[in-house]
Amino acid sequence: MDLTDIEALEARFNGELQACADDRALTALHDAYLSRKRGHIGEIMRQLPQVDPSVRGAVGQRANALKRRVEEAIEKRRAELAEAAQQAIVDLVDVTLPGIRPRRGFIHPISQTRREICRIFMQMGYSIEDGPELDTEYYNFEAANIPRDHPARDAQDSFYVTDDLLLRTHTTPVQIHAMERRKPPLRIIAPGRVFRRDATDATHTPMFFQVEGLVVGKGISFAHLRGTLQTFAHMMFGPDVKLRLRPSYFPFVEPGAEVDISCFLCKGNGCRVCKDSGWIEILGAGMVHPALFDRVGYDRKEVTGFAFGMGIDRITLLKHGIEDTRLFFENDYRFLSQFRS
Amino acid sequence: MKISYLWLRDLAKLPAGPLETAKALTSMGHAVDTVSKLWEDHIFDLDITSNRPDCLSAIGLARELAAYYGTNLHTRPASPVEEGQRIENLTTVVVDAPDLCPRYCARVLTSVKIGESPAWLKSRVDAHGFRSINNVVDVTNFVMLEMGHPVHAFDLDRLGGHMIRVRKAKAGERLRTLDAVDRLLDPEVLVIADQKEPVALAGIMGGELSEISAGTTRILLESALFDPMNVRRSSKRLGLRTEASARFEKGCDPEAPPRAADRVCHLLQEMGCVVARGYLDVKSATRPPAVIDLKVADVHALLGVEIGAEECARFLDLLGFTVKLNGAESLQARVPTHRVDVSSPVDLIEEIARFHGYDRIPAALPPLDSEPEPLPAHLALEEDIRDFLVGAGLTEVITYSFVQPPADPAGMVPLRNAISERTHLRSSLAAGMREAALHNINNGHEDFRFFELGHVFPAGQRESAALGILVSGGATAEPTWRAPADRPDFFEVKGIIEELFERVAAKWVAFRRRDGTAAAEISAGGAAVGWIEPLTIDGRHPAYLAEINLDALALRIGRRVDYAPVVRYPASWRDVSFLVDESTEYASVVKAVADAGGRELGSITLIDLYRGDKLPGGKKSMTLRLRYQSATRTLTSAEVDELHARCVEAVATLGSVRR
C-alpha cells in the first residue's frame, strides 16, 4: 500500500462517478467508497497500521483527503442530477397546450346596448325610471294624448288583458308616472320591454325594447333637444356622426321629429344598412305636447320639455350588422356568445 | 302613399328634379321612402303621418312644395256647365244622422256612357296603384288622388225611390259590398241607404246593388263628410279598410265636398256626360275655421331660436294661413279648412319650425337644474345580479313575455288578442328558459348555463321581477385535456345561488327540500323567494332550473357593508367524522355543532360525505373540519381540545362518532 494505490483509487472513483446517471447509482457509489465496513477508503484506513511507517502519515492524510473529495464529488453530482431531473420536467412543459379556462358568460346584446345608452344619459345627469309592463289604457294612450279611435293607435296595435289593461306599447307610461310622482324640473330615461301586435318578420317582433327620455323644466327648448341628441349620437356612434332632424308626428310631442344619423358604416357613401341614403333613422323626438302637462298637473305656461325614444333592438342590429331581429329572442348560444362584453 | 313626380311638378310648377323634390318633401315631414322610375316619370312612395290627411293627395303635397319653393299652386278647372233638369226633380237626400254626417253634397249626371277611360286617366290611376275599371270609377278615384276627398258614384236608377238616406244601420240589415262580401251590419255602422235598404257603408265602400255598370246612364255623385271616429270604428269592426276610409277616419276638409263633386262633374262632362242643374248640400252647422293667437316670444322659447314676427307670418302665409300681425309681439292666424290638424298655438309653432328648417335650429345643452337620482335599488340589484352571473359563467337570454300555456293554464293571465300560439302572459320564467334550452339542444348545443331577468305576471298578483337560471352544462364549458366535461349538478346551482345571495347580502338564506322530490325551496329572511328544480329537457337532457322572485328578495337584503375587524390571533383546526342516518340533513348537523361551538367556532366545513357498502345500512358518513379561533386572544391547545370535545358531543347526539 502506498500513495500510488490511493491515486489509482481516486482515478477509478472519478471514472465510476461519471458513469452514475441517477440517485440510486450515486448511493451505491457512496457505499462502495465510504461505507465504514466495506468501503474502499475504509479498507485503506484499516490497512494503515501495516503501511511502512515512513509514509504512513502521508498515506493517511491522502486517504482522508480522498474521503473528503469523494463525499463532495458525490454531493455535487447528486445536485447536478437533481437539477437535470428538474430541468427534464420543465422541458416537458408545453406552454402552447390550451389553458384551462373558466366558463364564460355573456350579457345579452340588447342588455349591452341598453347599458351603453343608459350610461351615456346618466353621464348627462339623467335618472333612470321604470314601471310596469302591464299598464292601463289611460297611462299608455290617453295620458300620452292618444285618445281612443285616434289614427295613431294603428301604429301601436296592442295586446289586451282586460278592457283597461294592456301590455305597454312604449315606455311613455313610465314618463307619465314619473311626472305624476315628481315635480319639475326633471331629467329621466325609461328603458324597458314594450309590446306591439305586429306580425313577426326580420324587422319586427311582437316584443322589443325601448329607451325613452324626458326633460322638463323652465325654458327647455328644441335647441336643447337637438344638443342632447347630438351629444348622445357622438358618444354612442362616434364624434363624426352627423344628425338630421325631420318633421314628423307623434301625438305626445309637438313639434315632433324623426331623427336620422349619418350612416356610420359607409360614412354617407351609401350602403345596404342605410339603403344607399347615407342616413339611418334611429329615434323619434319632440317637444312635450302641452296636453301631457295638463294631464299630470304641470303648468304649461311655466314649463316646457322634450322627449325622445329609440328602439334598443334596432340600435343593436345596426351596431353589430345583425340582419334579423328574431335572433334576439331565439337565444342561440352560438349567437349570444359572439357579443363579448 | 304613391304619388307621381310629374303630377306634382305640373301642379306646383316645381323648379326641381325628382330627387331634389323627394328631399324637399322629406325635409318637410313627408318622408319619401323610395323613388322609382316609371317611363319618363318618377313615383314617390311616401310615409304620410296620420295628422296630415290633407297630404294624402296630389294637391296637398303640391301645396306643401309650392310653399317650400315659393311657387304658385296651379288650380284645376272645376266648373261644370249645368244643363237639363234640376237635381231636386231627380233625387232627394235625407240625413238622419247629422252628427255622423255633417255634410252631404250630391250631384246628378245624365247621358252617362260607361266605357274605357282615356289613356291619360288610365295611366294616372294605374301609376298610383288603382286598377282602371271604367271612366266613371276612374274619375272618382282620380279626384280622390288629386284632391284627397273620396267621392262615390251610385247608379241613380238602382237606388230605390231614387233617393239617399244617411242613417245608422238597423239590426240584422245586410249589405253585399263591392268586394263581393255579404256583410251583416250592426246599428253602430253608418250607412247610405235608398228608400228601403243600405246601398253603401258610409265613407268606407259602396254596395254591389247600386254599383256603376255597363248599363248605367244616370249617376248620383256623393261627396260628403263623415265622422272620423265612426268611420274608423266601423271599418275596424268590419275589418274593411279602404282608400276612402283611410282618409275619412283622419278627417277631411269640410269645404271639399262641393269642390270635389264639381271636379268629378267637370271631368265627366269632358267625357260626354250631362251635369244636371244645381246640387244638393245637406249640412249641419260646421265649425268656423279656427283663429289662433300666437305670441312670438313663445316661438323663441319653445324652439330656442329667434324667428321674427314677420318671418313667422311669411311662413304661415305660404302655407295658406290668413295671418294678421299685431306688431312684433304677436300674430293671429286663421287656419285653412284643409288643415284639420291645426288648432292651437303649438301647432303653429310646429309649422314655423318646419318651414324654418329643423336643421337650422342650433344645438345647445339644457341647464342641469334637476338633481340626478341614484339608480333605483331594484334596478341596481338587477345590474348587480347580471354582472355576477355573467362573471360566474352564465349567459343572459331574453325570452318572450308571452308563452304557449301548458295543458292547464291555471294561474296564468290570458291575452285577449294573441297573434300566435303564445296566448298567455308568463307566470314564471321557466317556460321561456326551457324553450331557449330546447332550441339549443335541437341545434346540437347541450352545454350551456343561462339566466334571464324579466317580469312575470302570475294571475291575481302584481307583476313582479324575477330571475331564472337554467343550468345544462357542468362546471367547465367543454372537456379539457385534463378533465372530461362534467354533468350539471344540483349543488353547483345551489352554489351559484348561495354565492349570489351572499353578494347581494340576502338575509337568513335557507334551502328546504320540497317533500318527496329532488327540488328545493329557497327562503330569505323567513319568506319564500324561489326554488331549484331538476328537469329533463326533451326527455333526455338533465338540467336544473331555478327561479327567484326579485321583488321578494329585494325586501330581504342588507344594504350596508359593515366592517368587521380582521382577527389577528391564530386559528386551529380539528376534524370529526361520524355516521348519521340517511334521513339526517346536513343543516341539522351544522345547527347542532354551531350551537355547541359558540363564538369561538370560526367555521364549519364539510370535507367528506361518504355513502357505501362498507357502512351499516341506511347510514352515511360525514367529516367536518372545524376551525377554532378567538377574536381576543390565542386559544391554547387545551382550550381548543375542550371546545372540540363539546362539538363532538353535540355530533354524538345525532349519530355515532368515528375515531
Net charge, B:Trp573 excluded, C-beta distance under 12 Å - Lys, Arg +1, Asp, Glu -1: +2
Would you pull out the residues with amide H under 5 Å of B:Gly530's amide H, same chain only if 5 or more places away, H placed 1.01 Å from N? B:Ile522, B:Asn549
Have a look at A:Ile261, A:Val194, B:Gly29 and report the one farthest towards the positive end of the charge dipole of the protein assembly as shown, computed about the Cα centre with Cβ charges (Lys/Arg +1, Asp/Glu -1). A:Val194
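For each of B:Lys236, B:Lys37, count neighbouring Cβ atoms within 10 Å of the residue's Cβ, then give the residues from fewest to most. All intermediate terms of the calculation are to be shown ahead of the outcome.
Working: B:Lys236 15, B:Lys37 10.
Fewest-to-most Cβ neighbours within 10 Å comes out as B:Lys37, B:Lys236.
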Spatially proximal lysines relative to B:Lys494 (Cα-Cα < 20 Å; intrachain offsets below 8 disregarded): B:Lys507, B:Lys591
Rounded to the nearest 20 debye, dipole of region B:572-658 from Cβ charges on Lys, Arg, Asp, Glu: 160
Can you tell me which of A:Glu75, A:Glu129, A:Glu116 moves the most in a GNM of chain A? Springs connect C-alpha atoms under 10 Å apart. A:Glu75
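Averaged across orientations, what area in nm² does the convex hull of the alpha carbons in the protein assembly as shown project? Kindly include the intermediate steps, with their values, before the conclusion.
Values: hull surface 255.6 nm².
Over all viewing directions, the protein assembly as shown projects a mean Cα-hull area of 63.9 nm².
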Long-range amide H contacts for B:Val95: which residues qualify at under 5 Å (H placed 1.01 Å from N, peptide plane, sequence gap of 5 or more or a different chain)? B:Val166
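Considering only DSSP states other than H, G, I, E and B, which trypsin sites (Lys or Arg not before Pro) in region A:273-341 qualify as loop sites with at most 10 other Cβ atoms within 10 Å?
Details: sites: A:Lys275, A:Arg295, A:Arg300, A:Lys301, A:Arg314, A:Lys319, A:Arg326, A:Arg334, A:Arg340; in loops: A:Lys275, A:Arg300, A:Lys301, A:Arg326, A:Arg340.
Answer in residue order: A:Lys301, A:Arg340.
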Beyond 23 Å, what percent of the Cα pairs of region B:82-283 remain? 38
Calculate, axis by axis, the spread of Cα positions in chain A along the three principal axes, and write the results as whole Å, longest axis first. 132, 45, 41
Charged-residue dipole, Cβ positions (Lys, Arg, Asp, Glu), chain B about Cα centre, Debye nearest 20: 840
What do you get for Rg/Rh over region A:238-291 if you use C-alpha atoms and the Kirkwood form of Rh? 1.10
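Could you calculate the FRET efficiency of B:Asp33 with A:Leu165 from 1/(1 + (r/R0)^6), where r is the beta carbon distance between them and R0 is 45 Å, rounded to 0.05?
Values: r = 35 Å, r/R0 = 0.78.
Using R0 = 45 Å, I get an efficiency of 0.80.
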Rounded FRET efficiency, nearest 0.05, which uses the C-beta distance separating B:Asp562 from B:Gln195 and R0 of 60 Å: 0.10
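Percent antiparallel among DSSP beta bridges with both residues in chain A, to the nearest 5?
Details: 43 of 45 bridges.
Once the DSSP bridges in chain A are tallied, antiparallel ones form about 95 percent.
Loop-only check: which chymotrypsin sites (Phe, Trp or Tyr not before Pro) in region B:114-147 are DSSP coil with at most 10 other Cβ within 10 angstrom? Let's see the in-between values first.
On the way: sites: B:Trp120, B:Phe130, B:Phe142; in loops: B:Phe130.
Qualifying residues, ordered by number: none.
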Note, region B:392-405: 3J(HN,Hα) by Karplus (6.51, -1.76, 1.60, θ = phi - 60°), whole Hz, Gly/Pro = x, goes 7, x, 9, 10, 7, 10, 10, 10, 5, 7, 10, 9, 6, x
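Given charges of +1 on the Cβ of Lys and Arg and -1 on the Cβ of Asp and Glu, with all other atoms neutral, how large is the dipole of region A:3-92 about its Cα centre, in debye to the nearest 20? Mind showing how you got there, number by number?
Working: 14 positive and 15 negative charges, 98 e Å.
Once rounded to the nearest 20, the dipole reads 480 debye.
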Quick one: what are the phi-derived ³J(HN,Hα) couplings along region B:319-329, Karplus 6.51/-1.76/1.60 with θ = phi - 60°, whole Hz, x for glycine and proline? 8, x, 7, 9, 10, 10, 7, 10, x, 8, 8
Using all alpha carbons of chain B, what is the percent of pairwise distances in each 20 Å bin, ordered from the shortest bin to the longest? 14, 28, 24, 18, 12, 4, 0
Cross-link partners of B:Lys168 among aspartates and glutamates (Cα-Cα below 18 Å; sequence separation of 8 or more within a chain): B:Asp96, B:Asp99, B:Asp182, B:Asp186, B:Glu188, B:Asp194, B:Glu197, B:Glu222, B:Asp227, B:Glu249
Expected sort for A:Tyr33, B:Tyr400 with the fewest Cβ neighbours (10 Å cutoff) up front is B:Tyr400, A:Tyr33
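Averaging over all projection directions, find the projected area of the Cα convex hull of region B:2-69 and quote it in nm² with one decimal place. The partial results should precede the final answer.
Values: hull surface 15.4 nm².
Approximately 3.8 nm², given one-decimal rounding.
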For region B:291-360, Kirkwood radius (reciprocal of mean inverse C-alpha pair distance, Å): 11.7
State the Kirkwood hydrodynamic radius of region B:79-139 in Å, one decimal place, computed from all pairs of distinct Cα atoms. 14.6
Quick check for region A:109-336: number of Lys pairs with alpha-carbon distance under 26 Å, counting only pairs 8 or more apart or on different chains? 9
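Would you mind computing the Rg to Rh ratio of region A:90-238 from its alpha-carbon coordinates, Kirkwood style for Rh?
Details: Rg = 21.1 Å, Rh = 18.2 Å.
That ratio is 1.16, to two decimals.
Considering only the other residues whose Cβ falls under 9 Å of the Cβ of B:Gly160, what net charge follows from Lys and Arg at +1 and Asp and Glu at -1?
On the way: positive: B:Arg158, B:Lys196; negative: B:Asp194, B:Glu197.
Here the count lands on 0.
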Farthest positive-ward along the protein assembly as shown dipole, Cα basis, beta-carbon charges - from A:Ser158, A:Val93, B:Leu368: A:Val93
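Which net charge results when you count Lys and Arg as +1 and Asp and Glu as -1 among the other residues whose beta-carbon is under 15 Å from that of B:Ser111? It would help to have the intermediate numbers written out before the result.
Numbers: positive: B:Arg107, B:Lys113, B:Arg218, B:Arg277; negative: B:Glu82, B:Glu83, B:Asp155, B:Asp157, B:Glu270.
Its environment carries a net charge of -1.
Please report, to one decimal in angstroms, the Kirkwood hydrodynamic radius of region A:3-92 built from all distinct Cα-Cα pairs. If you can, show how the numbers build up before the last one.
Details: mean 1/r = 0.0707 Å⁻¹.
Kirkwood hydrodynamic radius for region A:3-92: 14.1 Å.
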26 Å tail of the calculated P(r), region B:530-659, as % of Cα pairs: 47
Kirkwood Rh, Cα atoms: Rg over Rh of region A:156-204: 1.08
Hits among lysines - C-alpha to C-alpha of A:Lys76 under 22 Å, sequence gap 8 or more where chains match: A:Lys67
Fraction of antiparallel bridges per DSSP, chain B only, in percent to nearest 5: 95
Hey, what do the phi angles of region B:536-549 turn into as Karplus ³J(HN,Hα) couplings, whole Hz, using 6.51/-1.76/1.60 and θ = phi - 60°, x for Gly and Pro? 10, 9, 6, x, 9, 9, x, 7, 10, 10, 9, 9, 10, 7
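Quick note: the coordinates plus some simple rules give every number you see, no bench work behind them. The structure displayed is predicted, hence computed values, not measured ones. Note that each Cβ is placed from the backbone with ideal geometry, even for glycine, and that neighbours are counted across all protein chains shown.
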